[in-house]
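K.L.:
Have a look at this one before I ask anything.
Rule-based calculations on the coordinates, nothing more; no lab input. Being a predicted model, the structure only gives us computed values, none of them experimental. Cβ sites come from the backbone with ideal geometry, for glycine too, and all protein chains shown count toward neighbours.
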Amino acid sequence: MRVLVTGAAGFIGSHLVRALLETGHTVRGIDNLRTGLFWRVESLLNEFEWMQADICDPDAATRAVAGMDAVLHQAAIPSVSRSLEDPVASSHANVQGTITLLQAARLSGVRRLVYAGSSSAYGDTPTLPKVETMHPCPMSPYAVGKLAAEQYCKVFGQLGFVETVCFRYFNVFGPMQDPNSAYAAVIPKFATALLKGEAITLQGNGTQSRDFTYVANVVRANLLALQADGTRVNGELFNIGCGQRYDLNYLIRELGTILGVEPRVERLPRRQGDVPHSLADINKAKELLGYEPVVHLPDGLRHTVAWCREQLPSA
């Protein structure tokens, strides 16, 4: 297939570019490099078509989708905390960017668009695990934007404009996730702090739990969505996680064990807009996509720590 990856220089997008190339697809990638990092794909430039452009620009979106069979839409301004600081920019990238891309895909005759949504759409509902039929309750501008874009995708699919498959990712982690960003995810951030002999900064008491999902599982879900029967998956929403949850205190202990160190922890107040617990029900993805997690947390942590160690040769 001819596949466009938006956010191609992002953490997940760059993994998708590699996986698509390895499985024989023709790939085009687009990224405005606002949050993406070019080094993630630089070594692949002879293998896929690269566009540095913004999907919020209708002309750029039209060029990006031209001739494509499918789109894996990962582009976004990520992070709850970033959206608290600048909700307008978050909404523009995540909502306006998505509808601009959808319309371009519709007019260009793209067969299918797979959307990277977020489990943050569920919000602070006490019921676990989170099931796709639950009423969403977003608690941050980021979550609102990801939910709104998801709804646009669903409607475009239902109206027959372009087939759409929507995912809600649960706390994706793995190699190439930037540990140095002010908005870094906890696993690369914690691992890098321990490798440097620094204290871990923990927001909250560490009892908050997550369904940490290694990036290979997300890649697998996207590849399955490209091939799935449109009569079964068009306009549908799927949780993509592992169906297991671990709290941050466990995570810190496990990282310490892998690295052979005793973690030091500096505790700060709980982050505004954060949810205490998250866990995916993945039965629908299993049934309709044939999805199964291929890497669980312990192995995923070891892979991620090994990559972080490579970035710090003196560690």
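K.L.:
So which lysines can LYS286 reach, going by Cα to Cα under 19 Å and dropping same-chain residues fewer than 8 places off?
P.N.:
Excluding near neighbours in sequence, the set is LYS130.
K.L.:
Relative to the first principal axis of the alpha-carbon coordinates of the chain, what is the inclination of helix 141-158, with its axis defined by its Cα atoms, in degrees from 0 to 90 and to the nearest 10?
P.N.:
That helix lies at roughly 30 degrees to the long axis.
K.L.:
Also, I was wondering about something else. Please report ARG271, ARG28, ARG82 as a ranked list, fewest other C-beta atoms within 10 angstrom at the top and most at the bottom.
P.N.:
Listed from fewest to most nearby Cβ atoms, that is ARG271, ARG82, ARG28.
K.L.:
I would also like to ask the following. Can you show me the helix-derived [θ] at 222 nm for the chain, built from DSSP H runs with n ≥ 4 at -39,500 (n - 2.57) apiece and divided by the number of residues, rounded to the nearest 500.
P.N.:
It comes out at -11500 deg cm²/dmol, rounded to the nearest 500.
K.L.:
Simple spin-label model, 7 Å along Cα-to-Cβ: PHE38 to GLN151 in nm?
P.N.:
Output for this residue pair reads 3.8 nm.
K.L.:
Using 7 Å Cα-to-Cβ label points, what is the LEU45/ASP299 separation (nm, one decimal)?
P.N.:
Spacing of the two 7 Å Cα→Cβ label points: 3.5 nm.
K.L.:
Decide, for the stretch 242-315, between rounded, prolate and oblate: order the square roots of the alpha carbon gyration tensor eigenvalues as a ≥ b ≥ c, take rounded if a/c falls under 1.5, and otherwise choose prolate if a/b is larger than b/c, else oblate.
P.N.:
oblate
K.L.:
Something else about it: Classify the stretch 1-116: rounded, prolate or oblate, from the alpha-carbon gyration tensor (a ≥ b ≥ c, eigenvalue square roots; a/c under 1.5 rounded; otherwise prolate if a/b is larger than b/c)?
P.N.:
Verdict is oblate for the stretch 1-116.
K.L.:
Aspartates and glutamates near LYS154 by alpha-carbon distance under 18 Å, same-chain residues fewer than 8 away left out - which ones?
P.N.:
Here the aspartates and glutamates satisfying the reach criterion relative to LYS154 are GLU132, GLU163, ASP229, GLU236.
K.L.:
For a protection proxy built on the mean count of beta-carbon atoms within 10 angstrom, sort 55-68, 96-109, 209-222 highest first, please.
P.N.:
Top to bottom by mean Cβ count within 10 Å: 209-222, 96-109, 55-68.
K.L.:
Run the simple label-point estimate for HIS135 and GLN158 please: 7 Å along Cα→C-beta, distance reported in nm.
P.N.:
Placing both labels 7 Å along Cα→Cβ, they lie 1.7 nm apart.
K.L.:
Follow-up. Distance between Cα centroids, the stretch 197-245 to the stretch 97-142: provide it in whole Å.
P.N.:
Going from one Cα centre to the other spans 13 Å.
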